[in-house]
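A quick write-up on the structure given underneath.
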Amino acid sequence: MADFEVKAYPELWKELDMDVARFDKARQMLGSAYAAMYLSQQNRPAAMAYFDNMVAEIHGGRVRELMDAKKEGRPVVGTFCVYIPEEIVVAAGGICVGLCGGSQGSIPDAEKILPRNICPMVKSAFGFKAGKICPYFQAVDFVYGETTCDAKKKTWEILDRLVPTYVMEIPQMKNKRDKVLWLEEVKGFKQKVEEVSGKKIAADDLAAAIKVINGKRGALQRLTRLRAANPAPISGKDALLLEQIAFYDEPVRFAEKVNVLCDELEQRVKRGEGVMPGDAPRVMVAGVPMALPNWKVHNLVETAGAVIVNEESCIGTRYFKDLIAENVKDMDGQLDVLTERYMRIDCSCFTPNNERIEQVVKEYRDSQAQGVLHYSLQFCHTYNVEEIRIKEACQKEKIPYLSIESDYSPEDVGQLQTRIEAFLEQIRG
Ligand code: BJ8
């Protein structure tokens, strides 16, 4: 598939007031990176064709769908955190899009305004809007941010100058009073979405939306269970791509396609067929989300002959491990179970965050991994400090462990490669 390219939609980009010439270069670079990292893989499942096409259409096909929805008066809401309850947006007939922040290319745009010494994910996301180089960012009606980390919550004030940005207050602890605050925030979010969409959300709408998003999360849970097989039926890179696409594809269609892929993987598992030999080291990644197109660590690990079998991350299990109860039929009860489900997200912004430490060990066992690679971004204080406790837990359980702190630049690739190879040697014993 050497002829792979991310398709160009210059007319649509003009309509979205984008920097067309510059964006076209980014499009070509994304296409080459994808061909080199993804299409060169051996023995990929046939059902990955749908997701390859999602990448080919990333700057047009799906964006066109968003624009069509807007014409019908359906709101398109941009988010940056798995704490924003997408069920509520879907219940109002809207579309929730997780905006990207995984590229080095948009960082210089951000650094013209934001300080350099903050998280690359925040800078990358902000730079996409400042440089007008993301069609999704251009298409959203408004953005919903949150008060998770300091870099994000202060950036929303500046981002609001470029696109209407509202903020949900996320508690930092999980006591009873924090849950009361969070419920109020969820109600406020619902009110805002109703106001913008002009649609009052009924209990039936919310029930249907909960089912849709549970369907998406359930399909990703199924995929995760299949990855525990040895040999692994799918590469970590492909699985990560699906976890990234989950944030912008239409949820019902996405779940359907993930299930088709899982049917194929089930057959592979039955036949004992994998993407890598059965003796390839199995690595679990834990840590900060890897936003599209951040494939750096997965590519390094899998190029070195190992396979990644799980992502304990918000672009990973933290996004889909918990579902919302579907048997509650009244609005107050639904908001309660929704709130409760979201409060189970074990982001490092919480203190204490014992649940996450236990979850990492649990997922290590469930995924049949042989080592944990903790991944953090530079200047992410909460994950970098919490890493101390993750490391201690892994040492206690005698789990081979490697911690990486990186950014999006290619500068540390050589050094990371050496450290990853040494880690894989340790696993191989
Ligand atoms: S629930 S992990 S998606 S906040 S890496 S921007 S924390 S400085 S991403 Fe996250 Fe929600 Fe938590 Fe998940 Fe800040 Fe850290 Fe950067 Fe981060």
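Of the residues K192, K174, K152, K132, which single one is more than 16 Å from the ligand (Cβ to nearest atom) and closer than 25 Å to I324 by Cβ? Show your work before the answer.
Values: K174 fails: more than 16 Å from the ligand (Cβ to nearest atom); K152 fails: more than 16 Å from the ligand (Cβ to nearest atom); K132 fails: closer than 25 Å to I324 by Cβ.
One residue alone meets the criteria, K192.
Identify all residues within region 317-329 that are away from the ligand (no atom under 16 Å from the Cβ) and either open to solvent by 20 Å² or more (accessible area, probe 1.4 Å) or small (G, A, S) (or both); write none if there are none. Talk me through it step by step, then tell me what you get.
First, the residues of region 317-329 that are away from the ligand (no atom under 16 Å from the Cβ): 323-329.
Result: L323, A325, E326, N327, V328, K329.
I'm checking my understanding of the structure. Among residues of region 100-123 that are free of Cβ contacts under 8 Å to residues at least 24 places away in the same chain and buried (at least 20 other Cβ atoms within 10 Å of the Cβ), which one is nearest to the ligand (Cβ to nearest atom)?
Step by step, filter region 100-123, then rank; the result is K123.
Checking E411 against (1) of a type in the set (D, E); (2) in a helix (DSSP H, G or I); (3) open to solvent by less than 40 Å² (accessible area, probe 1.4 Å), only one condition comes out false. Which one?
(3)
Give the residue that is nearest to the ligand (Cβ to nearest atom), with candidates limited to residues of region 357-389 that are farther than 19 Å from G236 by Cβ and touching a residue at least 40 places away in the same chain (Cβ under 8 Å).
C380
Taking the criterion of being within 16 Å of the ligand (Cβ to nearest atom), closer than 16 Å to I213 by Cβ, out of contact with any His (no Cβ under 8 Å at 6 or more places or on another chain) and of a type in the set (F, W, Y), would at least one residue in region 76-83 satisfy it?
Yes - at least one qualifying residue is present in region 76-83.
Go over the candidates N294, N353 one by one and state the one that is touching a residue at least 60 places away in the same chain (Cβ under 8 Å) and within 16 Å of the ligand (Cβ to nearest atom).
Just a single option satisfies the conditions, and that option is N294.
Can you pull out the residues in region 247-271 that are in contact with a Gly (Cβ under 8 Å, 6 or more places away or on another chain) and either assigned to a loop (DSSP other than H, G, I, E, B) or within 16 Å of the ligand (Cβ to nearest atom) (or both)?
Scanning region 247-271 gives F247, Y248.
Out of curiosity, is R22 under 30 Å from T148 (Cα atoms), open to solvent by 10 Å² or more (accessible area, probe 1.4 Å) and part of a helix (DSSP H, G or I)?
no
Of everything in region 277-316, what is open to solvent by 10 Å² or more (accessible area, probe 1.4 Å) and in a helix (DSSP H, G or I)? Give them in sequence order.
Once the filter is applied, which keeps residues that are open to solvent by 10 Å² or more (accessible area, probe 1.4 Å) and in a helix (DSSP H, G or I), region 277-316 yields K296, N299, L300, E302, T303.
Among the candidates V55, V97, V90, which residue alone is more than 21 Å from S406 (Cβ to Cβ), among the hydrophobic types (A, V, I, L, M, F, W, C) and within 16 Å of the ligand (Cβ to nearest atom)?
Just a single option satisfies the conditions, and that option is V97.
What's the number of the only condition in (1) buried (at least 18 other Cβ atoms within 10 Å of the Cβ); (2) in contact with a strand residue (DSSP E or B) (Cβ under 7 Å, 6 or more places away or on another chain); (3) under 29 Å from A69 (Cβ atoms) that I210 fails to meet?
I210 satisfies all of (1) buried (at least 18 other Cβ atoms within 10 Å of the Cβ); (2) in contact with a strand residue (DSSP E or B) (Cβ under 7 Å, 6 or more places away or on another chain); (3) under 29 Å from A69 (Cβ atoms) except (2).
Here is a check on your reading of the model: is N214 of a type in the set (S, T, N, Q) and assigned to a loop (DSSP other than H, G, I, E, B)?
no
Hey, can you tell me all the residues within region 60-86 that are of a type outside the set (D, E, K, R), assigned to a loop (DSSP other than H, G, I, E, B) and open to solvent by 20 Å² or more (accessible area, probe 1.4 Å)?
Hits for region 60-86 are G73, F80, C81.
What residue, among those in region 375-403 that are in a helix (DSSP H, G or I) and aliphatic (A, V, I, L, M), is nearest to S313 (Cα to Cα)? Steps first, answer last, please.
Step one: list which residues in region 375-403 are in a helix (DSSP H, G or I), which gives 381-396.
Narrowing further to those that are aliphatic (A, V, I, L, M): 385, 388, 390, 393.
Working: V385: 16, I388: 17, I390: 13, A393: 17 Å.
If we take residues in region 375-403 being in a helix (DSSP H, G or I) and aliphatic (A, V, I, L, M), then I390 is nearest to S313 (Cα to Cα).
Yes or no: R428 in contact with a helix residue (DSSP H, G or I) (Cβ under 7 Å, 6 or more places away or on another chain) and surrounded by fewer than 19 Cβ atoms within 10 Å (Cβ to Cβ)? Full working, then the answer.
Working: in contact with a helix residue (DSSP H, G or I) (Cβ under 7 Å, 6 or more places away or on another chain): no; surrounded by fewer than 19 Cβ atoms within 10 Å (Cβ to Cβ): yes.
In short, no.
Which of the numbered conditions does F126 fail, given that it passes all the others? Conditions: (1) under 16 Å from the mean Cα position of the chain (by Cα); (2) within 14 Å of the ligand (Cβ to nearest atom).
(1)
The values are calculated or read from the model by the stated rules, or taken from the named source; none is laboratory data. These numbers come from a predicted model, not from an experiment. Backbone-built Cβ (ideal geometry, glycine too); neighbour counts: all protein chains shown. Ligands, DNA and RNA are stripped out before the accessible areas are found, and what is left, the full protein with its side chains, is counted by its heavy atoms. Shrake-Rupley method; radii C 1.70, N 1.55, O 1.52, S 1.80 Å.
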